[in-house]
Amino acid sequence: MITRSTLCLDQFEILGKGGSSCSPLFLCQPDGRPLIIHHRQAEIPLDSSEVYFFLMTTFVLSHNLQVQSDLVPALNFELLAQELKSLSKNISSTVVLNHPHWKLSISSDLSPQDMAVDLVQTWSEHRRQLGHDMNHVVLALGGRKDSQASPGAPLQEGYWGVDLVETPDESTFLQAINWEALKAGRPEDAIFEVSSRAS
């Protein structure tokens, strides 16, 4: 979401600036979450305080394939990363992760809830384009990481850990992981649940 605000740049740590005039200025908020600043002009004078800014939402994805069928095979994550960015006008970056649990990192300027809806729709469309059966539910279950992370860990503070679940029975799966209790233990704005059945 893009808003207009007055911002004191000395409240933020400058992480780096791209060389081209259209490159954003990457800043880090006091709580460690990334902020991308765009000035009204092509270049950002460092002494200027009037800026357009938006927070990037970053999802770190795991994949939980509960469907046991040759018609719904495991996905190639290199191809998936390319196609998520190609099929969605909202996903700005995708990175394949070398990690036993986390498979992809994706970023967008959408809110977490809207990004989850977009992800579920785009994931489903990728399956359809591959000719895979889609007689199942795609779930995005996300929680924001509010604690400090180890250096180099894929899931950093302020990022969202998102379990992308493909299941033939949404209700049974959510009951099996005790999802309602998990939700109850988190702030309302720190967790989401998005289903292809609703989107």
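If ALA74 passes every condition in (1) at pLDDT 50 or above; (2) farther than 22 Å from THR167 by Cα; (3) surrounded by fewer than 12 Cβ atoms within 10 Å (Cβ to Cβ) but one, which one does it miss?
(2)
Working carefully through the options ALA81, ALA116, find the one that is modelled with pLDDT of 95 or more, over 27 Å from LEU182 (Cβ atoms) and within 14 Å of the chain's Cα centre (by Cα).
ALA81
Return yes when LEU46 is part of a loop (DSSP other than H, G, I, E, B) and modelled with pLDDT of 95 or more and no when it is not. Don't jump to the end; show me each part of the working.
Details: part of a loop (DSSP other than H, G, I, E, B): yes; modelled with pLDDT of 95 or more: no.
Answer is no for this residue.
Within the group LYS183, LYS103, which residue is more than 19 Å from GLU78 (Cβ to Cβ) and among the basic types (Lys, Arg)? Show your work before the answer.
Numbers: LYS103 fails: more than 19 Å from GLU78 (Cβ to Cβ).
Answer to the check: LYS183.
Please pick out the residue among ALA181, ALA190, ALA198 that is touching a Lys or Arg at 6+ places or on another chain (Cβ under 7 Å) and either closer than 12 Å to VAL137 by Cα or surrounded by fewer than 17 Cβ atoms within 10 Å (Cβ to Cβ) (or both).
Result: ALA190 is the single residue among ALA181, ALA190, ALA198 that is touching a Lys or Arg at 6+ places or on another chain (Cβ under 7 Å) and either closer than 12 Å to VAL137 by Cα or surrounded by fewer than 17 Cβ atoms within 10 Å (Cβ to Cβ) (or both).
The values are calculated or read from the model by the stated rules, or taken from the named source; none is laboratory data. For clarity, every value in this text was computed on a predicted model and none was experimentally measured. Cβ coordinates were reconstructed from backbone atoms using ideal geometry, including for glycine residues, and neighbour counts include every protein chain displayed.
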